[in-house]
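Notes to accompany the following structure.
The values are calculated or read from the model by the stated rules, or taken from the named source; none is laboratory data. Predicted model, so just to flag it, every value in this text is computed and none were measured. We place every Cβ from the backbone using ideal geometry, glycine too, and count neighbours over all the protein chains shown. Heads up: the accessible areas ignore ligands, DNA and RNA and are worked out on the full protein's heavy atoms, side chains in. Shrake-Rupley method; radii C 1.70, N 1.55, O 1.52, S 1.80 Å.
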Amino acid sequence: MSNGFETLAIHAGQEPDPVTGAVVPPIYATSTYKQDGVGGLRGGYEYSRSANPTRTALEEALAAVEGGVRGMAFASGLAAEDTLLRTVCKPNDHVVIPNDAYGGTYRLFSKVHERWGLHYDPVPLGDLDAVAAAMTQKTKLIWVETPTNPLLGIADIAALAQLAHENDALLVVDNTFASPYLQQPLALGADVVVHSTTKYVGGHSDVVGGALIAADKGLGDELAYHQNAMGGVAGPFDAWLTLRGLKTLGVRMDRHCDNAERVVDLLLAHPRVTQVLYPGLDEHPGHEVAAKQMKRFGGMVSFRVDGGEQEAVDVCDRTKLFTLGESLGGVESLIEHPGRMTHASAAGSPLEVPGDLVRLSVGIETVDDLLADLTQALG
Ligand SMILES: Cc1ncc(COP(=O)(O)O)c(C=O)c1O
């Protein structure tokens, strides 16, 4: 009998502790492990960069909720991304990336990996012909974000997986915005899922972390080898917090979606709002694909305001309940100006975002309070 998503999130990798019966996996704050004679490891543990039982619990739970064979937890989303790139790519290889990728991901390509000879092309991933045209003999990866940060663009995971595989490339999906509750990229043909678990998976804005989940054992083993060899692992305290967050992902996501839908209705009706970006809207160009591959449309909403960049900045300054801050995916609502905050590193690049754009991470507070706050901030 296969278990449902919420059951996996609460139980996978989280058997009660065999020694004490503790229902919650303990925080194993230890760097090393006593061996029963040289090479006599207990349960395979020797040194906590290689493996730690708290991290193992999180890694098994992440693999289960994404439907993968191997999960790996990292110190941040970017540490996970870097490990993936250095496992799969070498100098002179090529990667196709979204033309509205998360700014930090773009910076990793443009300022770090390019210096080591990894070439990349930003492409609108909603346009399959453009992706096909960008592929070269050296393309090792198509890197997908869907929905994208912050423009909430949608890419067709199944179609891109097929295109990648026809060209002997891998499909990587950054599933941070959707979370595994709303979208299961590996079931749609992706080879690896990336997460900033800092966001919805952790869910409480109290921990930074990242993850890779591999669809097959060979790639999973290679990634795990590099995780240990490169060392960007999640510590046991962070792994424990992230695992605690993961248990409630399903109920949180449903409330994030409920509240976001109400916020979208308010914004659509507001005279100062010139455009609402949300994949749940019929008029969103990616709506059909999103409806096919997502359970619901998520808690992230972006919008553009009449009055240009200054007005967008002023709206961000005027909210009281929506906290002005970077990051997303926590229980509390956040507001930000992507052009000057999360995506400032993309200024002057093909990934620059419009100045009149505001991004909301709609939290799970009482929705009427959120609507009242936005109403007063929009004036
Ligand atoms: C979509 C997406 N991917 C990756 C990252 C990077 O993750 P981290 O900040 O945990 O390194 C972020 C961070 O904002 C993100 O939004």
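Heavy-atom surface analysis with a 1.4 Å probe gives segment 207-332 a carbon and sulfur content of 53 percent of its accessible area. Considering only GLU81, GLU66, GLU15, the mean-square fluctuation computed in a Gaussian network model of the chain, springs between alpha carbons under 10 angstrom, is largest for GLU15.
Measuring against 23 Å, Cα to Cα, the residue pairs LYS138/LYS292; LYS34/LYS247; LYS90/LYS199; LYS90/LYS292; LYS247/LYS295 contain LYS138/LYS292; LYS34/LYS247; LYS90/LYS199; LYS90/LYS292 as the ones spanning a longer distance. Evaluated with a Cβ-only charge set (Lys, Arg +1; Asp, Glu -1), the chain carries a dipole of roughly 960 debye about its Cα centre, given to the nearest 20. Taking amide H as placed 1.01 Å from N in the peptide plane, the amide H of GLY210 sits under 5 Å from that of PHE74, ALA75, SER76, GLY77, THR197, each at least 5 places away or on another chain.
Would you calculate, for the chain, the mean residue ellipticity at 222 nm contributed by helices, counting each DSSP H stretch of 4 or more residues as -39,500 (n - 2.57) and dividing by all residues, to the nearest 500? Result for the chain: -10500 deg cm²/dmol, rounded to the nearest 500.
Solvent-accessible area per residue in the chain equals 41 Å², computed with a 1.4 angstrom probe and all protein chains kept.
Give the separation of the Cα centroids, segment 6-55 to segment 270-296, in Å. What the calculation gives is 43 Å, centre to centre. Counting 0.36 nm for each residue step from ARG272 to ASP206 and taking away their Cα separation leaves a gain of 20.4 nm.
Computed from phi, the 3J(HN,Hα) profile of segment 215-220 under the Karplus parametrisation 6.51, -1.76, 1.60 (θ = phi - 60°) reads 7, 10, 5, x, 5, x Hz, with x in place of Gly and Pro.
Estimated at the nearest 10 Å², the accessible area of PHE177 is 20 Å² with a 1.4 Å probe. In the Gaussian network model of the chain, springs joining C-alpha atoms below 10 Å, which of GLY231, GLY220, GLY280 carries the largest mean-square fluctuation? Of GLY231, GLY220, GLY280, the Gaussian network model singles out GLY231 as fluctuating most. When the chain is treated as a Gaussian network with alpha carbon springs shorter than 10 Å, the biggest mean-square fluctuation among HIS337, HIS287, HIS195 belongs to HIS287. Short to long, the 5 Å bins of the Cα pair-distance histogram for segment 227-331 hold 2, 10, 14, 18, 17, 13, 11, 8, 5, 2, 0 percent of all pairs. Our estimate of slack between ALA29 and TYR225, defined as 0.36 nm per intervening residue step minus the Cα-Cα distance, is 68.3 nm. Taking amide hydrogens as placed 1.01 Å from N in the peptide plane, the amide H of VAL144 sits under 5 Å from those of VAL172, VAL173, ASP174, each at least 5 positions away in sequence or on another chain.
Placing +1 on each Lys and Arg Cβ and -1 on each Asp and Glu Cβ, with no other charges, gives segment 77-232 a dipole about its Cα centre of roughly 420 debye. Look at the dipole of segment 213-252 built from charges on Cβ: of VAL251, PHE237, ALA214, the Cα furthest out on the positive end belongs to VAL251. In terms of accessible area, using a 1.4 Å probe and ignoring ligands and nucleic acids, SER31, SER327, SER333 rank largest first as SER31, SER327, SER333. For the pair THR375 and LYS292 in one chain, pulling the backbone fully straight at 0.36 nm per residue adds 26.6 nm over the alpha carbon distance. Computed over neighbours whose Cβ is under 13 Å from that of ASP168, the net charge equals -1, Lys and Arg +1, Asp and Glu -1. Across segment 44-166, Cα-Cα distances exceeding 18 Å account for 59% of all pairs.
Report the Stokes-Einstein translational diffusion coefficient (µm² s⁻¹, integer) for the chain, Rh taken as the Kirkwood radius over Cα pairs, at 20 °C with viscosity 1.002 mPa s. The calculation lands on 101 µm²/s. Note on ASN92/LEU128: beta-carbon distance plugged into 1/(1 + (r/R0)^6) with R0 of 41 Å gives a FRET efficiency of 0.95.
Taking amide H positions as modeled 1.01 Å from N, with prolines and chain starts lacking one, the residues under 5 Å from VAL123 and 5 or more places away or on another chain are ILE97, ASN99. Using only side-chain charges placed at the Cβ, +1 for Lys and Arg and -1 for Asp and Glu, the dipole size of segment 220-379 relative to its Cα centre rounds to 380 debye. Candidates TRP116, LEU267, ILE142 compared by Cα position along the dipole of the chain: farthest toward the positive end lies TRP116, with charges placed on Cβ. Shape index of segment 82-237: Rg/Rh, with Rg the Cα radius of gyration and Rh the Kirkwood radius from the inverse mean 1/r over Cα pairs, equals 0.94. Farthest towards the positive end of the charge dipole of the chain, among the residues GLY40, LEU84, MET294, is the Cα of GLY40, using unit charges on the Cβ of Lys, Arg, Asp and Glu.
To the nearest ten degrees, helix 157-166 and the longest principal axis of the Cα atoms of the chain are 60 degrees apart.
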